[in-house]
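Before any comments, here is the structure.
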Amino acid sequence: MAYSRYKFLIVILLASDLADSLDTLLELTSNTIDVACRAVKNTVESYPINPPYIEKVSFQLRTACGTIEFPVQHVDKLRKFRQFDIRKKTAFFVAGWIAPPDYYYMKDIIKAYNCRRDYNFVLVNTGGFITNLYANSAYHTDKLGKFLAIGLRNLGLRVDNMHLIGHSLGAHIVGSAGRYYRQLTGRRLKRITGLDPARPCFVTPSVFPRLKRGDAEYIDIIHSNPFQFGSEELIGDVDFFPGGFVPSKPGCAISIRCSHEISVQYFAESVYPENERNFIGSQCRNLEELKAKSCSGPKSIMGLANAGVSRGIHYVPVRPIPPFGAYANVAATIRSYQCGLCRK
């Protein structure tokens, strides 16, 4: 029995050492990519691969029963479409690097919004322009943000009825969209949510334009993989750190991209009716409190129901398995499996 316990302890220690080594390796990789991005910046700007053109970018209205697609230049047709309600708020979601429109986490967030009755959900199809070499894709984010802003202007919704959400490189696209939208219309978007904004090529001083405070009236950031694929910098009006100021999230010991992409799953969970308060955070006075997970400031809500009042750094406890929110109601989670389905 004593020997078995000893073996178990050895396995745990080895796993811990392996996780620490992997975190170190990924941080070094992130830094290396950022340095490389600076080295090739002029080449990428002068000779971009597959430069974006607006005709290939579109808005996909995602309903429980399917997808209806509208080119950005003709989104006036979306406004008139019978399944699109201009009186409701509309969430516009932009995915990250090499994430196609049918990527696995799309199903999570689409289903969550289709469980609600107060939102339209639009997936921004970036036309495959952020699926090639990373530095080249990072460079394209600014132009894609401009195309998104043109689409938003053409759609003609009220600014308080639009919520832009972007993951990874998509976070920088929605940031650029916010800036260009203000140039085009003289109005500023109400809210932009950045889900683990991409780090390489966007470390201060940023190689390319990035999401930042001021791109909308309120910027909330969920940092799930700081120092690696995601940024650790405080770039929002409020910066949430689920699980703390560490790169690996609970439940993400195996997959390299898990901690980066779990930010989408956290947000999607918060979208489901009755789940809006699953993620309750506490404001931290500084990064030292965040590192120690000893934050005791005012409470805050991370996710869809954030009211735009919270400011500063916030620690949010999370669980390793769904429901991820430490304050989740299991019964409500079970009910969420049964909503948002196509019922013809």
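The values are calculated or read from the model by the stated rules, or taken from the named source; none is laboratory data. Note that the structure is predicted; figures quoted are calculated from it, not measured. Methodologically, a virtual Cβ is constructed for each residue, glycine included, from the backbone with ideal geometry; neighbour enumeration extends over all protein chains shown. Note: accessible area is taken over every heavy atom of the protein model, side chains too, but ligands, DNA and RNA are not part of it. Shrake-Rupley method; radii C 1.70, N 1.55, O 1.52, S 1.80 Å.
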>> How would region 189-344 be classified by its alpha-carbon gyration tensor: rounded, prolate or oblate, with rounded meaning a/c under 1.5 and the a/b versus b/c comparison settling the rest?
In response: rounded
>> Just the number please: accessible area per residue for region 75-158, 1.4 Å probe, all protein chains included, in Å².
In response: 43 Å²
>> Using a 7 Å offset from the Cα along the Cα-to-Cβ direction at both LEU25 and ASN132, what is the distance between the two label points in nm, to one decimal?
In response: 3.0 nm
> Which of the peptides 174-181, 299-306, 256-263, 192-199 is most tightly packed, and how do the rest follow, judged by the mean count of other Cβ atoms within 10 Å per residue?
Replying inline: 192-199, 174-181, 256-263, 299-306
> LYS299: which lysines have alpha carbons under 25 Å from its alpha carbon, excluding same-chain residues fewer than 8 sequence positions away?
Replying inline: LYS190, LYS212, LYS249, LYS291
>> How much accessible area per residue does region 211-319 have, counting only protein heavy atoms and a probe of 1.4 Å, in square angstrom?
In response: 36 Å²
> What angle, in degrees between 0 and 90 and rounded to the nearest 10, separates the Cα long axis of helix 134-155 from the longest principal axis of the Cα atoms of the chain?
Replying inline: 50 degrees
>> Within 10 Å of each candidate Cβ there may be at most 16 other Cβ atoms; applying that plus a DSSP loop requirement, which GluC sites (Glu not before Pro) in region 137-242 survive?
In response: GLU217
> Of all DSSP beta bridges located in the chain, what percent are antiparallel, nearest 5?
Replying inline: 40 percent
>> Quick check: from the Cα gyration tensor, does region 162-280 come out rounded (a/c under 1.5), prolate or oblate?
In response: oblate
>> Defining a contact as two alpha carbons under 8 Å apart and six or more residues distant in sequence, what relative contact order in percent does the chain show?
In response: 15 percent
>> Let me check against my output: what whole-number percent is the relative contact order of region 261-312, with C-alpha pairs under 8 Å and at least 6 apart?
In response: 37 percent
>> Given the DSSP H assignment, sum -39500 (n - 2.57) over each helix run of at least 4 residues in the chain and divide by its residue total; what's the result at 222 nm in deg cm²/dmol, nearest 500?
In response: -12000 deg cm²/dmol
> Of LEU341, PRO250, SER296, whose Cα points farthest to the positive end of the dipole of region 209-344 (charges on the beta-carbon: +1 Lys, Arg; -1 Asp, Glu; origin at the Cα centre)?
Replying inline: LEU341
>> Cut-off 10 angstrom, C-alpha nodes, Gaussian network model of the chain. Which of GLY244, GLY325, GLY127 fluctuates the most?
In response: GLY127
>> Tell me the relative contact order for region 189-344 as a rounded percent, counting alpha carbon contacts under 8 Å between residues six or more apart.
In response: 21 percent
> Quick one: if you stick a label point 7 Å off each Cα along the C-beta vector at ASN42 and CYS339, how many nm between them?
Replying inline: 5.5 nm
>> If you average the C-alpha positions of region 141-210 and of region 307-322 separately, how far apart do those two centres end up, in angstrom?
In response: 22 Å
> Going by a ≥ b ≥ c, the root eigenvalues of the Cα gyration tensor, does region 233-293 fall in the rounded group (a/c under 1.5), the prolate group (a/b larger than b/c) or the oblate group?
Replying inline: oblate
